[in-house]
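The values are calculated or read from the model by the stated rules, or taken from the named source; none is laboratory data. Keep in mind the model is a prediction, meaning the values are calculated, not measured. When we count neighbours, we look across all protein chains shown, and the Cβ atoms used for this are built from the backbone with ideal geometry, even at glycine. The protein model used for the area step is the full one, side chains on, heavy atoms only, and it has no ligands, DNA or RNA in it. Shrake-Rupley method; radii C 1.70, N 1.55, O 1.52, S 1.80 Å.
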Amino acid sequence: RTGGLFLRDCGVRVSSNVQLERDRATVRGAGTSATIVACDCADAAESKTSYRIASQLEELDSCLCLVHDAYARNGLISRHPARIRVIPQHTLPTTEVLMAVMDGKILCTSTLVGDGKLGLPMDAIFSDEVATRRRPGKKLAEVSGLAQAQDVDVPLSIVVRVMAMTAQCARHRG
């Protein structure tokens, strides 16, 4: 049976500690558990979903708003009145914002930051470690801003496709 996966408790990190059953997987760890349920309705959602790089200002704005809300909700940043999470690297052509869109609504987004004039966001914390990986002929990139809409059930398979598209984009860049 085909179908996507819906994660009902977003607070659980999926790891190798997964027990598979016929149409569901139970994730246990760190005193918590969540059930991932296979659902045929994911096929309908996926068939209506398009995956692409944000190219319009409105799309970019919506993606960055989604990231802001997710980061603020999880305590990674303070809420800002503009409800936008922007990093300096967003101004460079080495940064791509990828998204999954269904019926004009952005379901999921991810940002691929290529190493460029401003470096990588992680340079602010891990500059020594990043510097050791910068070598002639090597290109570095950082994935940032992974977020999904909270007002609709986003199938895990859509999030996985956005992550795969991010990896493909990085590989295409070299």
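I'm trying to understand the selection: among the residues of the stretch 83-97, which are part of a helix (DSSP H, G or I) and within 10 Å of V113 (Cα to Cα)? Of everything in the stretch 83-97, those that are part of a helix (DSSP H, G or I) and within 10 Å of V113 (Cα to Cα) turn out to be Q89, H90. Across the stretch 101-115, the number of residues qualifying as among the small types (G, A, S) and part of a strand (DSSP E or B) comes to 2.
Residues in the stretch 88-101 that are open to solvent by 20 Å² or more (accessible area, probe 1.4 Å) and more than 15 Å from the chain's Cα centre (by Cα): P88, H90, T91, L92, P93, T94.
Please determine, by comparing only the residues of the stretch 143-174 that are charged (D, E, K, R) and farther than 27 Å from L120 by Cβ, which one is surrounded by the most Cβ atoms within 10 Å (Cβ to Cβ).
The extreme case among them is D153.
Among the residues of the stretch 116-126, is there at least one that is in contact (Cβ under 8 Å) with a residue 40 or more places away in the chain and either assigned to a loop (DSSP other than H, G, I, E, B) or out of contact with any His (no Cβ under 6 Å at 6 or more places or on another chain) (or both)? Looking through the stretch 116-126, none of the residues is in contact (Cβ under 8 Å) with a residue 40 or more places away in the chain and either assigned to a loop (DSSP other than H, G, I, E, B) or out of contact with any His (no Cβ under 6 Å at 6 or more places or on another chain) (or both).
Residue-by-condition table, conditions (1) of a type in the set (A, V, I, L, M); (2) within 24 Å of S55 (Cβ to Cβ):
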{"residue": "S127", "(1), (2)": "no, no"}
{"residue": "S144", "(1), (2)": "no, yes"}
{"residue": "V160", "(1), (2)": "yes, yes"}
{"residue": "C169", "(1), (2)": "no, yes"}
{"residue": "H172", "(1), (2)": "no, yes"}
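A residue that is in a helix (DSSP H, G or I) and surrounded by 12 or more Cβ atoms within 10 Å (Cβ to Cβ) occurs somewhere in the stretch 130-141.
The number of residues in the stretch 61-82 being assigned to a helix (DSSP H, G or I) and either among the aromatic types (F, W, Y) or open to solvent by less than 50 Å² (accessible area, probe 1.4 Å) (or both) comes to 10.
Of note, T166 satisfies the criterion of being assigned to a helix (DSSP H, G or I), under 17 Å from L60 (Cβ atoms) and in contact with an Asp or Glu (Cβ under 9 Å, 6 or more places away or on another chain). Kindly evaluate A82 against the criterion of being modelled with pLDDT under 50, more than 29 Å from K139 (Cα to Cα) and small (G, A, S). No: the conditions fail for A82.
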